[in-house]
């Protein structure tokens, strides 16, 4: 009985989630948006790190 | 958009990243040294002598807590200090809070935890070995973690949260809820019910603390390293919610075939299978996200997380498989499970943690970085983890087969030895890899990590892409669905605690009330102190105290453990691994004297044993036990006592209380004897000796099982002989019938250190009987005259028959009431040499009721009675 509840509840939640993804294109796009946002944040961060490194290297190369 | 806020890279507190990173590496190396020492002790059991703080049990506690809290805890924190500002665009709460958190995590948890555990202050609970005083600081630290990292997430909308954020939030919230289940509740809930809660934490420690943070790293590092977003955020969220729904429901699969209600066990097994499916989805998504990066990615952080992903798949599928009853029946308690846990913590989680740490380290402009050393670390760690996993998995299968086919217990110890040696070598590889990791992150030019990044990915970062955001309505739906899922996640956690903890507790309490005798015997103060010593030294980590409802367990160890038998166990001592045998019914199986010798010098009485010596509990000799040794042995003698005292009326009542419980009935129907099957028994009811195994087998059996007491040539002069009372028999001075030898080997010799060897085959017994008869060379002495025999008969009838019986059968009227419970000798089936017989009458036999007779018998009478007694021997005509 309890085992059945666990199995059914898990499958129902996964099913509902999947169904929403299939039937709602807007929602689909919304669900996928964070991965693009994160990707941009990471690239922005890495570019900042590179810029900092290049600035510090440039400063070190400048004649006194 | 212009902003006055500092750029994201300036919001990352690199000092705290580095501080936790270094702390992680240092604690990792210390924990690995602990692990290497305990792995060496498997085949060099006297490596650390009897220094208690370096004993196997205490080091084992320190090893696992060090890996989880010292290494993984610090490494995850280092990653969080890097990841949270990147994920949220905001700084963590405060540096001051971070310094407090660093201080508490390392100086109020790790260092005191290790010191206390090694000093003998601990909890005998898997993944919860630090004592309660330290647990309080862990809870405080977890609370500070939430305060430090969570606010940044909640300043943003849920619909923009990336999957790593979800995992971080989930880990921080659920760990605080799960931690007390295994660390505090078993101190308050006894025995079987406490074990049910303990099982929750065993799995939640991995499932709700380690796994989410490791997956947060994988989902973070993979897109950052490949330069592409992950394959599917939808699948990642499906995996996230699936894991958080199902992980908490897995806990009871650590106690399958136990007395915990079968419905809870089956639920955990079903959840484990479902979890395996979810993990396949997660891993598929991760692998799809890495497509194109190659099997051997150039960037070292990606290399580590890629391998972590593979390990995650293997360990999760393996976990789902081994939770199933058919496999669990065989491999539970074996090294298979140790292989599984090492693959989880040192494979999946550690590789993820290293990947995250390197990723963050590469972005610290002032940090040193040595790429060559990190490549070495990767190679050594991959080989080390795979070697350890394969080696221990095979070892587990070997042990499982030997346990299932009823082989003598020590056969599994003997046959495991090569695997344990290989395990140590694989541990050395791991140690080397971790040293290389430390070198990689502490040597080399400053800022070389960032340079490596530029070299690995020379193309400039593309322009920032504005995320494709859906209309606001869809965002609200998504936010609402996440809120619903969040509530459902908490509900599943509450359900797991209710279903796998609270409900079994109630059922077990009802069972206990129905089955327990009216006034079951608890522990005396001394026995309770002994229990503390047993827990402190980690005995439960080699000797389980749960006989499962399986035929193999019942045959080997006796009747399965019932809930009421564990009602006084705070916390439970069920254990999760059997290196030595289960001790649930060990009471009265051995003599007190044997226990002292075994604790003092284990290999003296059991040459194949790998048990550590506890000579520190003695004042220089087994004859001089300290109070702690006395208490420990007193506790060992209680194991199984309550059940035995209740038998048979108690078992009949208990069986009647659960007439329809098929599993519970196994506890009563399986064995008519609730004691350990190896316990000594009265003479008789012996199966006939079969055809003897080969002489070589006999010699091997002798060397492994008998020589410690009886000596290599049966002279009664083995290493343990000096301490045993009565001393082991000098077999050269005795002559036995085959039936007597069969009886001694099957039933043991009650009251002495000679146990029953019923786990050996009749062919083994026959081979040993042949060997012992070969040792026998009793000299008859001078020929006896008819007059001497007549005198001897009169003396015997007057002084000896009351114990040894009128016919010498050892069945005199006083035989059952002797002050020392060693049965009088049956002279019909064993004969002593003349000289030894005279010696016995002159000096008595220490450790038995046989006293010296020189004060009552003359020399002539002694000689006469020895001649008479020798004449009673009837060879094998009985």
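Bear in mind that the values in this text are calculations on the coordinates, not laboratory data. Keep in mind that what you see is a predicted model, and the values were worked out from it rather than measured. So basically every Cβ, Gly included, is an ideal-geometry build from the backbone, and we count neighbours across all protein chains shown.
Once you place label points 7 Å from the Cα toward the Cβ at residue B:132 and residue B:405, how far apart are they in nm?
Each label point lies 7 Å from its Cα, and together they span 4.8 nm.
So what's the angle, to the nearest 10 degrees on a 0 to 90 scale, between helix B:132-154 and the longest Cα principal axis of chain B?
Roughly 20 degrees between the two axes.
Taking beta carbons within 10 Å but only from partner chains, what does the mean come to for residues B:494-505?
Per residue, the number of nearby Cβ atoms from other chains is 1 on average.
Show me B:579-589, B:613-623 ranked by packing, highest mean number of other Cβ atoms within 10 Å first.
On the way: B:579-589: 22.8, B:613-623: 18.1.
Sorting B:579-589, B:613-623 by mean packing, highest first, produces B:579-589, B:613-623.
What do you get for Rg/Rh over the stretch B:266-313 if you use C-alpha atoms and the Kirkwood form of Rh? Working shown, then result.
On the way: Rg = 13.5 Å, Rh = 11.9 Å.
Reported Rg/Rh (Cα atoms, Kirkwood Rh): 1.14.
Go ahead and collect, in residue order, the members of the stretch B:494-515 whose backbone nitrogen is under 19 Å from a label point 7 Å along the Cα-Cβ direction of residue B:570.
B:502, B:505-506, B:508-510, B:512-513
So if I take the alpha carbon set of the stretch B:42-125, get Rg, then get Rh from the Kirkwood formula, what is the Rg over Rh ratio? Present the calculation step by step, with values, prior to reporting the outcome.
Numbers: Rg = 17.3 Å, Rh = 14.9 Å.
Answer for the stretch B:42-125: 1.16.
Quantify how much of the Cα-Cα distance distribution of chain B extends past 53 Å, in percent.
Numbers: 97609 of 385003 pairs.
Beyond 53 Å sits 25 percent of the P(r) for chain B.
Quick check: the distance between the Cα centres of the stretch B:264-279 and the stretch B:735-758, to the nearest angstrom?
48 Å
Compute the helix-to-body angle for B:211-226: its Cα long axis versus the longest principal axis of chain B, expressed 0 to 90° and rounded to tens.
Roughly 40 degrees between the two axes.
Over chain B, what is the relative contact order in percent, taking alpha-carbon pairs closer than 8 angstrom and at least six residues apart?
Numbers: 1550 pairs, mean separation 98.2, N = 878.
About 11 percent, as a whole number.
How far apart, in nm, are two points set 7 Å out from the Cα along the Cα-to-Cβ line at residue B:327 and at residue B:177?
Spacing of the two 7 Å Cα→Cβ label points: 2.9 nm.
Would you mind getting me the FRET efficiency between residue B:842 and residue B:722? Use the beta-carbon distance for r and R0 = 22 Å, nearest 0.05.
Details: r = 21 Å, r/R0 = 0.94.
Working from the Cβ atoms, E equals 0.60.
May I ask you to derive the relative contact order of the stretch B:527-680, considering only C-alpha pairs under 8 Å and at least 6 residues apart, and to give it as an integer percent? List each step's numbers first, then the result.
On the way: 219 pairs, mean separation 50.5, N = 154.
Result for the stretch B:527-680 is 33 percent.
Determine the calculated [θ] at 222 nm for chain B from helices alone, applying -39500 (n - 2.57) to every DSSP H run no shorter than 4 residues and normalising by the residue count; nearest 500 deg cm²/dmol.
Details: 38 runs with 498 residues, N = 878.
Mean residue ellipticity, 222 nm, calculated: -18000 deg cm²/dmol.
Within 10 Å of each Cβ in peptide A:20-28, how many partner chain Cβ atoms are there on average? Round it to a whole number, please.
Numbers: counts 4, 5, 0, 0, 4, 2, 7, 9, 4.
Neighbouring Cβ atoms belonging to other protein chains average 4 per residue here.
Fully extended, how many nm does the chain gain between residue B:552 and residue B:871 (0.36 nm per residue separation, minus their Cα-Cα distance)?
On the way: separation 319, 0.36 × 319 = 114.84 nm, distance 4.57 nm.
That pair, residue B:552 and residue B:871, stretches by 110.3 nm at full extension.
To the nearest Å, what is the center-to-center distance of the stretch B:515-571 and the stretch B:827-863, using C-alpha atoms only?
The two parts, judged by their Cα centres, are 43 Å apart.
Indicate the gyration tensor shape class of the stretch B:90-197 (rounded, prolate or oblate), computed on the Cα atoms with a ≥ b ≥ c the square roots of the eigenvalues: a/c under 1.5 is rounded; otherwise a/b larger than b/c is prolate and the rest oblate. Mind showing how you got there, number by number?
On the way: a/c = 3.49, a/b = 1.57, b/c = 2.22.
Verdict is oblate for the stretch B:90-197.
Angle check, please: helix B:233-246 long axis (alpha carbons) against the longest principal axis of chain B (alpha carbons), in degrees 0 to 90, nearest 10.
30 degrees
Is the stretch B:680-763 rounded, prolate or oblate when judged by the Cα gyration tensor, a ≥ b ≥ c being the square roots of its eigenvalues, rounded requiring a/c under 1.5 and prolate requiring a/b larger than b/c? Could you put the intermediate results ahead of the total?
Working: a/c = 1.74, a/b = 1.22, b/c = 1.43.
Cα axes put the stretch B:680-763 in the oblate bin.
Quick one: grab the alpha carbon gyration tensor of chain A, order the square roots of its eigenvalues as a ≥ b ≥ c, and give me rounded if a/c is under 1.5, else prolate or oblate depending on whether a/b is larger than b/c.
Working: a/c = 12.69, a/b = 3.20, b/c = 3.96.
Since a/c reaches 1.5 but b/c is at least a/b, the shape of chain A is classed as oblate.
Using per-residue counts of other Cβ atoms within 10 Å, averaged over each peptide, order B:117-130, B:520-533, B:752-765 from highest down.
Details: B:117-130: 23.0, B:520-533: 16.6, B:752-765: 20.9.
Those peptides, ordered most packed to least, come out B:117-130, B:752-765, B:520-533.
Can you give the FRET efficiency to the nearest 0.05 for residue B:798 and residue B:502, using r as the Cβ-Cβ distance and R₀ = 60 Å?
On the way: r = 70 Å, r/R0 = 1.17.
About 0.30, to the nearest 0.05.
More than 48 angstrom separation, counting every C-alpha pair in the protein assembly as shown; what % is that? Please list the in-between numbers first.
Values: 151121 of 443211 pairs.
Of the Cα pairs, 34 percent sit more than 48 Å apart.
Across peptide B:214-227, how many C-beta atoms of other chains are within 10 Å of each residue C-beta, on average? It would help to have the intermediate numbers written out before the result.
Working: counts 0, 0, 0, 0, 0, 2, 2, 1, 0, 6, 7, 1, 1, 4.
Taking the mean over all residues of the peptide, I get 2.
Show me B:196-202, B:551-557 ranked by packing, highest mean number of other Cβ atoms within 10 Å first. Display every interim value, and only then the final one.
Values: B:196-202: 29.3, B:551-557: 19.3.
Listed from highest to lowest mean packing, they are B:196-202, B:551-557.
Say each of residue B:22 and residue B:630 gets a label point 7 Å from the Cα, pointing the same way as Cα to Cβ; how far apart are those two points in nm?
5.2 nm
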